[in-house]
């Protein structure tokens, strides 16, 4: 256990219950999929990486979680990846407290000849946050920070709809018309029972078009971990019982993340994906989710996907980058 000196901050490592983890995610609002218990389980089965989990406390009161994924090589070398953490309650986001949290993470994962840490902090790209990371003895690597779009679902449906960009809303209307005329059938599956077919199409499309994304086995294991709590939502579009488009959304706390999607020619012709995403947002809001992470954007390497996601509106953010 490592203690801060001035704010009663400490991180208790590898002593976190699933209940405590869940409460932190609920209270944090914008939580991230890569800092969840389900993600740790799925990664262990898929990549053989083990989780190192810390409970952040102030004066013995839980205020956050942080998870690193550890991989060993050649018996002596070790790599730890902390992806989009820590997840902190509002009272732990003050600069003085945040600095101690970052310093405790650095102390737990110090740099060394046989030890490497890749840290993508869930902190926006600001001068203040960069200064805090540097003060905690992290070093910035080259390259842009991770970018995504957050949708605030805690608003009336008509307000969400007004937030859509005009062209996106027009495509949504076209898809709704196709559904009303019986040319398109939309289904919301709150436990993602019919995921295998979508994964098969997604994997083939990913290989053909050479884009990055989670592996098929990881997606299925994430579904398996989250489905019992109705945290894996599959929304599909079909024509004459044939799958023409689908998306998978994974839930954590009061937030959710767009995980994978696929659309074929008939799906594109009917603008099905616009309606799938809209139905997913309606379902998430109705089941108590407040925040929706659209799963990352890449304006330079994936401009089409970026344009599609920007059409939903929301708050676009850039994280502080990768630190070692």
Segment 142-168: number of residues that are assigned to a helix (DSSP H, G or I), in contact with a helix residue (DSSP H, G or I) (Cβ under 7 Å, 6 or more places away or on another chain) and under 24 Å from residue 302 (Cα atoms): 1
Within segment 284-316, how many residues turn out to be surrounded by fewer than 17 Cβ atoms within 10 Å (Cβ to Cβ) and closer than 28 Å to residue 22 by Cα? 5
Being surrounded by fewer than 20 Cβ atoms within 10 Å (Cβ to Cβ) and under 20 Å from the mean Cα position of the chain (by Cα) is the filter here, so list the residues in segment 85-95 that pass it. 89, 90, 93
Looking at this structure, is residue 153 in the same structural domain as residue 308 (by TED's automatic domain parsing) and either under 30 Å from residue 104 (Cα atoms) or in contact with a strand residue (DSSP E or B) (Cβ under 9 Å, 6 or more places away or on another chain) (or both)? yes
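To keep it simple, each residue is scored yes or no on (1) crowded, with 19+ Cβ neighbours inside 10 Å; (2) modelled with pLDDT of 95 or more; (3) touching a helix residue (DSSP H, G or I) at 6+ places or on another chain (Cβ under 9 Å).
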position: 97; (1), (2), (3): yes, yes, yes
position: 102; (1), (2), (3): yes, yes, yes
position: 112; (1), (2), (3): no, no, no
position: 123; (1), (2), (3): yes, yes, yes
position: 133; (1), (2), (3): yes, yes, yes
position: 140; (1), (2), (3): no, yes, yes
position: 184; (1), (2), (3): yes, yes, yes
Apart from one, (1) buried (at least 16 other Cβ atoms within 10 Å of the Cβ); (2) in contact (Cβ under 8 Å) with a residue 40 or more places away in the chain all hold for residue 266; the odd one out is (2)
Please work out which residue is nearest to the chain's Cα centre (by Cα), limiting yourself to segment 142-154 and to residues that are at pLDDT below 95 and surrounded by 13 or more Cβ atoms within 10 Å (Cβ to Cβ). 145
Pairs only if they're at least six apart or on different chains, beta carbon under 6 angstrom, first in segment 216-240 and free of Cβ contacts under 8 Å to residues at least 40 places away in the same chain, second crowded, with 19+ Cβ neighbours inside 10 Å and assigned to a strand (DSSP E or B); list them, first residue then second. 223/232
Among (1) assigned by TED's automatic domain parsing to the domain that holds residue 253; (2) in contact (Cβ under 8 Å) with a residue 40 or more places away in the chain; (3) outside any helix (DSSP H, G or I); (4) under 20 Å from the mean Cα position of the chain (by Cα), where does residue 188 come up short? (4)
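Per-residue answers, yes or no, for (1) within 23 Å of the chain's Cα centre (by Cα); (2) within 22 Å of residue 295 (Cβ to Cβ); (3) assigned to a helix (DSSP H, G or I):
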| position | (1), (2), (3) |
| --- | --- |
| 15 | no, no, no |
| 19 | yes, no, yes |
| 27 | yes, no, yes |
| 40 | yes, yes, yes |
| 56 | yes, no, no |
| 65 | yes, yes, no |
| 72 | no, no, no |
| 81 | yes, yes, no |
Taking segment 159-185 as the search range and keeping residues that are without any contact (Cβ under 8 Å) to a residue 40 or more places away in the chain and more than 26 Å from the chain's Cα centre (by Cα), which one is nearest to residue 85 (Cα to Cα)? 166
Taking helices (runs of 4 or more DSSP H) that do not extend beyond segment 196-313, which have at least 2 residues that are at pLDDT 95 or above and under 14 Å from the mean Cα position of the chain (by Cα)? 216-226
Breaking point among (1) touching a strand residue (DSSP E or B) at 6+ places or on another chain (Cβ under 7 Å); (2) within 20 Å of residue 138 (Cβ to Cβ); (3) part of a helix (DSSP H, G or I), for residue 106: (1)
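The values are calculated or read from the model by the stated rules, or taken from the named source; none is laboratory data. What you see is a predicted model, and the numbers here were worked out from it, not measured in a lab. A quick note on method: Cβ atoms are made from the backbone with ideal geometry, for glycine too, and the neighbour counts reach across all protein chains shown.
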